[in-house]
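Input: a single structure, listed below in structure tokens.
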There are 2 protein chains.
Amino acid sequence: MDSERVWTAALVVIGDEILSGRTQDKNVAQLATWLNDHGIRLAEVRVVPDQIERIGEAVNALRAKHDYLFTTGGIGPTHDDITVDAIAAAFGVPVIVHPEARKILEDYYRGRPGGLTEARMRMARTPEGAELLRNPYSGAPGIKLGNVYILAGVPNIAASMLEALTGTLEGGRPVVSVTVGARAPESDVADLLRETEAAYPGVAIGSYPFFRDGGFGSNFVIRSVDGDLARATGAELAERLRQAGYDPVDGGI
Amino acid sequence: MDSERVWTAALVVIGDEILSGRTQDKNVAQLATWLNDHGIRLAEVRVVPDQIERIGEAVNALRAKHDYLFTTGGIGPTHDDITVDAIAAAFGVPVIVHPEARKILEDYYRGRPGGLTEARMRMARTPEGAELLRNPYSGAPGIKLGNVYILAGVPNIAASMLEALTGTLEGGRPVVSVTVGARAPESDVADLLRETEAAYPGVAIGSYPFFRDGGFGSNFVIRSVDGDLARATGAELAERLRQAGYDPVDGGI
């Protein structure tokens, strides 16, 4: 197990709207889930403002450390969409009009009101050397440059680009999660959790407390790339909770 | 305006549960809003896994760059709560049992089922030299060490700690946001947006498109520390949208 190759990815969320508190990010959770299906672990996320240098710093720091880097946001048609410029600068390559992207936009906007305006043509700009990521949802493509995948910020459009990418990334074994819930304050079962984790090398147990319907409870999440091991640990944890007087709930509360 | 001191903060979200996609973070938006009320800008967020070294790297990188650093997560009673150890290591100080925190927990758990167990006493551990952040919600305090504010991960508890901190942090002028919405695809009004932003130095205009009820639309968010300027820009943008044939909606759609 120890020698198993672990594939990791990072995400740079480009977004003043997230940092201002105006918009609730939804791309972290959706990308994490998608990556896990491919056996790739989301290992780090950075949220940075809409500033060329700050985007470039984060992109260069993270693309070197991980197998894959994703970015979300800033690839639309307006003046505040500067991701392409920032990533081209980070790679030290010029921005070009990508012929294939231009063709996609020409086809998409043919017959639509306004047609392919200069503003919309901004969405055909890519760093030199880039490939395109198909966007079945709204035309304008995402961009792949080296190990960097540049996605839209609107969650539906990002999802559509991920959908088109499904099955194309190399990874390892997905992490399997097994959740057991109990109406137990986590501090009452802390020893039992630690002992269970120690008894099953290769699993990690996370404890996530909540207060709901007037009472404390916790969900315990067992994670492992070995699904059988995760399930066996879950069964053992449930048994130990039962012996401690709690009523474990498979799948969590 | 250019010489105005800008106060910035960063946030380190400590959480395998966020990186696995299991849990949707709510602390970024809540902290961003709270900071802005204090005239402090949330300038960067990093989400890191529950690993001592990765937490320490992020904390040391960001506490040096910003006026304030916040962390959320990993200060509970279970084995996966390692934030205190990670931050003590990052500062190069030992972990101690904080006498005041111990007293708070003794008072809180007196008469509650189970009492002050060894697991719960973990929540009295702090890096040496730390002060406490009151937690009216559930007893166990947050921690302040230098310019680092260590908050709980459960959003209600983090909110309670922020509530207790309200008014105690020095900042500058809050950013005022004015939102104007229109049933316009952003690409149709990109020029108009750019020109309006250029005409009002000291404002930034963000464009946030959506697809809803079968049609495209956008919200335009004008931000400035000068509230009058933000409102004047918003009025001007609404007028320009009207002249372009759209029906602007104050406050957004």
Response to the item:
Across all Cα atoms of region B:176-250, Rg and the largest Cα-Cα distance (Dmax), in Å, are 11.5, 36
Worksheet item: Considering chain A as a Gaussian network with a 10 Å cut-off on Cα pairs, which listed residue, A:Ala152, A:Ala182, A:Ala32, attains the greatest mean-square fluctuation?
Response: A:Ala182
Fill in: Among B:Gly215, B:Gly76, B:Gly15: highest mean-square fluctuation, GNM of chain B, C-alpha pairs under 10 Å
B:Gly215
Fill in: Sorted largest first, extent of region B:1-72 alpha carbons per principal axis (Å)
42, 24, 14
Worksheet item: Any idea which of B:Met121, B:Leu31, B:Val13 is furthest toward the positive side of the dipole for region B:1-125, if Lys and Arg beta-carbons carry +1 and Asp and Glu beta-carbons -1?
Response: B:Met121
Fill in: Exercise: per-residue mean of other protein chain Cβ atoms within 10 Å, A:190-197
4
Discussion item. Report for the protein assembly as shown the percent antiparallel among DSSP-assigned beta bridges with both residues inside it, nearest 5.
Written reply: 65
Discussion item. Please report the equivalent ellipsoid semi-axes of region A:74-199, computed as sqrt(5 x eigenvalue) of the Cα gyration tensor, largest first, in whole Å.
Written reply: 43, 17, 14
Practice prompt. Find every distance from the label point of B:Phe210 to the corresponding label point in the other copies (7 Å from Cα along Cα→Cβ) and write them in nm, one decimal, shortest first.
Written response: 2.6
Worksheet, complete the sentence: If amide H atoms are modeled at 1.01 Å from N in the peptide plane, then the residues at a separation of 5 or more from B:Trp7, or on another chain, having amide H under 5 Å from its own are B:Arg41, B:Gly172
Item to complete: Report the antiparallel proportion of the DSSP beta bridges in chain B as a percent, rounded to a multiple of 5.
Response: 60
Discussion item. I need the calculated FRET efficiency for the pair B:Asn156 and A:Val93, taking r as the beta carbon distance and R₀ as 51 Å, to the nearest 0.05.
Written reply: 0.60
Discussion item. Test of understanding: in a Gaussian network model of chain B with alpha carbons linked when under 10 Å, which of B:Ala232, B:Ala130, B:Ala101 would top the mean-square fluctuation ranking?
Written reply: B:Ala232
Practice prompt. Could you pull out the GluC sites (Glu not before Pro) across region B:1-103 that fall in loop regions by DSSP (anything but H, G, I, E, B) with no more than 15 other Cβ atoms inside 10 Å?
Written response: B:Glu4
Discussion item. Using a Förster radius of 45 Å, what is the FRET efficiency between B:Gln51 and B:Phe211 based on their Cβ-Cβ separation? Nearest 0.05, please.
Written reply: 0.70
Worksheet item: In region A:131-184, which GluC sites (Glu not before Pro) fall in coil by DSSP and have 12 or fewer other Cβ atoms within 10 Å?
Response: A:Glu170
Response to the item:
Shape descriptors of region A:7-165 over alpha-carbon atoms, Rg and Dmax in angstrom, are 14.8, 45
Worksheet item: So what is the relative contact order of chain B, in percent, for Cα pairs below 8 Å that sit 6 or more residues apart?
Response: 17
Discussion item. How tilted is helix B:52-65 with respect to the longest principal axis of chain B? Cα atoms for both, answer in degrees (0 to 90, nearest 10).
Written reply: 50
Worksheet item: What percent does the relative contact order of region A:176-250 come to when contacts are Cα pairs within less than 8 Å and at least six residues apart?
Response: 44
Discussion item. For q values of 0.09, 0.10, 0.11, 0.13 Å⁻¹, compute log₁₀ I(q)/I(0) with the Debye formula on a Cα-only model of the protein assembly as shown, without solvent.
Written reply: -0.69, -0.84, -0.99, -1.28
Worksheet entry | Hypothetical label at A:Asp250: residues of region A:204-240 whose amide nitrogen lies under 11 Å (7 Å Cα-Cβ projection) | A:235
Worksheet item: Using 1/(1 + (r/R0)^6) with R0 = 25 angstrom and r between the beta carbons of B:Ala64 and A:Lys65, what's the FRET efficiency to the nearest 0.05?
Response: 0.80
Worksheet item: By Cβ position, which chain B residue lies least far from the axis that rotates chain B onto chain A, and what is the distance to the nearest whole angstrom?
Response: B:Arg46, 3
Worksheet item: So how strong a dipole does chain B carry about its Cα centre when Lys and Arg Cβ are +1 and Asp and Glu Cβ are -1, to the nearest 20 debye?
Response: 640
Practice prompt. Distance between Cα centroids, region A:109-156 to region A:4-81: provide it in whole Å.
Written response: 17
Practice prompt. Subtracting the Cα-Cα distance from 0.36 nm times the residue separation, let me have the gained length for A:Glu131 to A:Thr168 in nm, one decimal.
Written response: 12.0 nm
Worksheet entry | Inter-copy spacing of B:Lys26 label points, which lie 7 Å from Cα along Cα→Cβ, given in nm from shortest upward | 1.7
Practice prompt. Report the trypsin sites (Lys or Arg not before Pro) located in region B:85-140 that are in a DSSP loop and have at most 15 other Cβ atoms inside 10 Å of their Cβ, or state none.
Written response: B:Arg110, B:Arg134
Item to complete: Starting from a label point 7 Å past Cα on the Cβ side, list the distances from B:Arg102 to the same position in the other copies, nm, shortest first.
Response: 7.4
Discussion item. Under 20 Å between alpha carbons: how many lysine pairs meet that in the protein assembly as shown, if sequence neighbours fewer than 8 apart on the same chain are excluded?
Written reply: 5
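Taken together, the values in this text are just the output of simple stated rules run on the coordinates, not laboratory data. Computed from a predicted model, the values in this text were never measured in an experiment. Quick reminder, even Gly has a Cβ in these numbers, built from the backbone with ideal geometry, and neighbours come from all protein chains shown.
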